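The values are calculated or read from the model by the stated rules, or taken from the named source; none is laboratory data. What you see is a predicted model, and the numbers here were worked out from it, not measured in a lab. Because the Cβ atoms are built from the backbone with ideal geometry, glycine has one as well, and the counts that use them run over all protein chains shown. Calculation scope for accessible area: heavy atoms of the full protein, side chains included, ligands and nucleic acids excluded. Shrake-Rupley method; radii C 1.70, N 1.55, O 1.52, S 1.80 Å.
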Amino acid sequence: MIRFEHVTKRYEDGTTAVDDLSFEVAEGELVTLVGPSGCGKTTTMKMVNRLVEPTEGRILLGGEDVSAVDPVRLRRTIGYVIQQVGLFPHRTVLDNTATVPALLGWKKARARARAAELLDLVGLDPTTYGHRYPEQLSGGQRQRVGVARALAADPPVLLMDEPFGAVDPVVRERLQTEFLHLQATVRKTVLLVTHDLEEAVRLGDRIAVYGQGRIEQFDTPATVLGAPATPYVADFVGADRGLKRLAVTPVTEADLEPADGPTGATGPAGPTGATDPAGPTGATGQDLVPLPLGASLKDALAVLLQHDAGRLAVHAPGDPARVLGTLTTEGVHRALRRTTPPETPLSSR
């Protein structure tokens with residue numbers, strides 16, 4: 001969907017912001033660009049919608065060279081979300097959200113209906129929030145309106161520049177979760193710029209780790225954290241990258257032990273009611289704490305610690321009655337070892 005071919009951006013003073021950049025973003029993929037300030041990640045993103053023009057190379061969008069497309073028309077077909085949102089203060093939330101459809105010539109009723117649909121999708125009831133003005137919203141609500149506005153004309157590509165950076169950590173985490181749920185529904189092709197490694201790891205299908213104007217590594221979050229390609233990447237992701245990998249490694253059936261507690265749960269298709277003989281309080285027969293298959297190892301370890309439990313009852317997603325097995329702290333460690341590349345053993349990190 002998006003392809004960079006030997007793209008360079010060099011300014012008149014000789015500064016090279018992006019140097020010979022080549023990579024591709026597949027349709028429906030969310031790629032995060034992460035790195036320190038001034039490394040070229042925002043310049044990279046702005047070249048897609050021609051807010052910045054490349055000096056060399058070319059950028060293809062759906063197979064078409066963006067330099068051959070009228071920039072105004074191009075920008076109306078690409079969703080764009082920035083940190084400060086950029087809502088029009090004199091327009092209502094509904095009218096803000098309908099901005100791009102209106103510019104594309106949609107009839108007012110259709111544009112407003114689409115805006116209401118998108119506001120509902122991002123968790124803002126249009127009957128409650130549609131008539132309000134931006135100053136009457138919280139920072140997190142304004143950010144949701146920004147996302148809704150970017151999606152209103154159903155663009156195939158979404159560009160996001162530090163979209164959740166202007167809100168507090170609690171709201172940011174909630175917005176990230178909601179955006180992941182939204183992306184699972186709309187499946188846009190997304191380039192998201194961030195300086196926050198944890199955000200990049202949590203949101204990205206793949207991560208581009210920037211050095212100075214270059215991509216040092218472009219891979220899945222688990223690979224970037226488990227097998228840094230260069231000393232720079234290893235230093236950037238930090239000595240605690242093993243802990244960060246907990247958040248991007250899911251619990252699988254290979255990590256489980258048979259659910260054969262005292263109540264008779266027996267193996268992968270066994271009945272509900274698996275128990276922990278010791279239990280959080282040491283009482284034989286106490287029900288195990290449940291966890292859905294596919295949850296992250298980070299969530300699993302947090303639940304184990306929170307409940308002071310020796311095991312968790314892992315069940316089929318959406319079906320708590322179907323216990324597939326149990327997960328222990330040893331199982332969490334085995335899962336990390338299993339997903340660690342052989343050439344970089346866990347003990348060396």
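Quick notes on this structure:
Yes/no per residue for (1) charged (D, E, K, R); (2) loosely packed, with under 14 Cβ neighbours inside 10 Å:
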site: ALA109; (1), (2): no, yes
site: GLY146; (1), (2): no, no
site: ARG149; (1), (2): yes, no
site: ALA152; (1), (2): no, no
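- LEU175 vs. criteria touching a helix residue (DSSP H, G or I) at 6+ places or on another chain (Cβ under 7 Å), more than 22 Å from LEU124 (Cα to Cα) and not β-branched (Val, Ile, Thr): no
- Segment 114-132: number of residues that are of a type outside the set (Lys, Arg) and open to solvent by 60 Å² or more (accessible area, probe 1.4 Å): 6
- For segment 55-83, filtering for residues that are over 27 Å from the mean Cα position of the chain (by Cα) and either surrounded by 13 or more Cβ atoms within 10 Å (Cβ to Cβ) or β-branched (Val, Ile, Thr) (or both) leaves 7.
- Sole exception among (1) in a loop (DSSP other than H, G, I, E, B); (2) open to solvent by 30 Å² or more (accessible area, probe 1.4 Å); (3) at negative phi for ARG50, by number: (3)
- In segment 12-50, the residues that are under 21 Å from GLN212 (Cβ atoms), out of contact with any strand residue (DSSP E or B) (no Cβ under 7 Å at 6 or more places or on another chain) and not acidic (Asp, Glu): GLY14, THR15, PRO36, SER37, GLY38, LYS46
- Total residues in segment 53-79, condition at negative phi and outside any loop (DSSP other than H, G, I, E, B): 17
- One residue stands out in segment 1-51 among those that are of a type in the set (Gly, Ala, Ser) and more than 23 Å from PRO221 (Cα to Cα): the one that is nearest to the chain's Cα centre (by Cα), namely ALA17.
- From the options GLU198, GLU216, residue that is more than 13 Å from the chain's Cα centre (by Cα), acidic (Asp, Glu) and open to solvent by 20 Å² or more (accessible area, probe 1.4 Å): GLU216
- Qualifying residue in segment 80-89 (condition: assigned to a strand (DSSP E or B) and not aromatic (Phe, Trp, Tyr)): yes
- For THR97, the conditions (1) more than 17 Å from VAL52 (Cα to Cα); (2) open to solvent by 60 Å² or more (accessible area, probe 1.4 Å); (3) of a type in the set (Ser, Thr, Tyr); (4) touching a Leu at 6+ places or on another chain (Cβ under 7 Å) are fulfilled apart from (2).
- Qualifying residue in segment 84-93 (condition: surrounded by fewer than 21 Cβ atoms within 10 Å (Cβ to Cβ), farther than 16 Å from LEU137 by Cβ and of a type outside the set (Ser, Thr, Tyr)): no
- Selection from segment 182-234 of residues that are assigned to a helix (DSSP H, G or I), at pLDDT 90 or above and of a type in the set (Asp, Glu): GLU199
- Condition met for GLU135 (part of a helix (DSSP H, G or I), loosely packed, with under 13 Cβ neighbours inside 10 Å and under 28 Å from the mean Cα position of the chain (by Cα)): yes
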